[in-house]
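The values are calculated or read from the model by the stated rules, or taken from the named source; none is laboratory data. From a predicted model like this one, the values you see are computed outputs, not experimental measurements. Positions of Cβ are generated from backbone atoms using ideal geometry, with glycine treated the same way; all protein chains shown enter the neighbour counts. Heavy atoms of the whole protein, side chains included, go into the accessibility calculation; ligands, DNA and RNA do not. Shrake-Rupley method; radii C 1.70, N 1.55, O 1.52, S 1.80 Å.
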Amino acid sequence: EPDVTIVSSLKDMVVFEGDDVTFRCQVSHENARDVEWKLQDVALQNNEMNEISVEKGKIHTLTLRKVTEQDIGTITFRVGPHTSTA
């Protein structure tokens, strides 16, 4: 299985409280496994507040809905041994 790497990294975002924010990270291969999103070292799950999806097989997205002050912090995307933060 080929080593999946990060092709385009996360970008820092500034948003207003109550808005949604979307982070995108592109990887080198489709159907990447061992993928994880974190906020402040807490693993995020796909639920009504966090939408985690994959577009076109390689673009992994995380949308945080109606952000609050508690959502301030570092977002980390990890695929295998590679990470990107914003």
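Annotation: of all residues in segment 32-48 being among the aliphatic types (A, V, I, L, M) and assigned to a strand (DSSP E or B), the one that is most open to solvent (accessible area, probe 1.4 Å) is 42. Residues in segment 1-15 that are hydrophobic (A, V, I, L, M, F, W, C) and in contact (Cβ under 8 Å) with a residue 12 or more places away in the chain: 4, 6, 7, 10, 13, 15.
Scanning segment 64-79 for residues that are open to solvent by 20 Å² or more (accessible area, probe 1.4 Å) and either touching a residue at least 24 places away in the same chain (Cβ under 8 Å) or farther than 15 Å from residue 17 by Cα (or both) yields 65, 66, 68, 69, 71, 73, 74, 76, 78. Of the residues making up segment 60-76, those that are assigned to a loop (DSSP other than H, G, I, E, B) and among the charged types (D, E, K, R) are 65, 66. The set of residues in segment 1-31 that are in a loop (DSSP other than H, G, I, E, B) and within 20 Å of residue 70 (Cβ to Cβ) comprises 10, 12, 13, 14, 15, 16, 17, 18, 19, 20.
Inside segment 49-59, residues that are loosely packed, with under 11 Cβ neighbours inside 10 Å and not in a strand (DSSP E or B) make up a count of 1. Pairing residues of segment 28-46 that are aliphatic (A, V, I, L, M) with residues that are assigned to a loop (DSSP other than H, G, I, E, B), at Cβ distances under 6 Å and at least 6 apart in sequence or on separate chains, gives 32/4; 39/73. Name the residue that is nearest to the chain's Cα centre (by Cα), counting only residues in segment 1-31 that are open to solvent by less than 90 Å² (accessible area, probe 1.4 Å) and polar (S, T, N, Q). For segment 1-31, the residue satisfying everything is 22.
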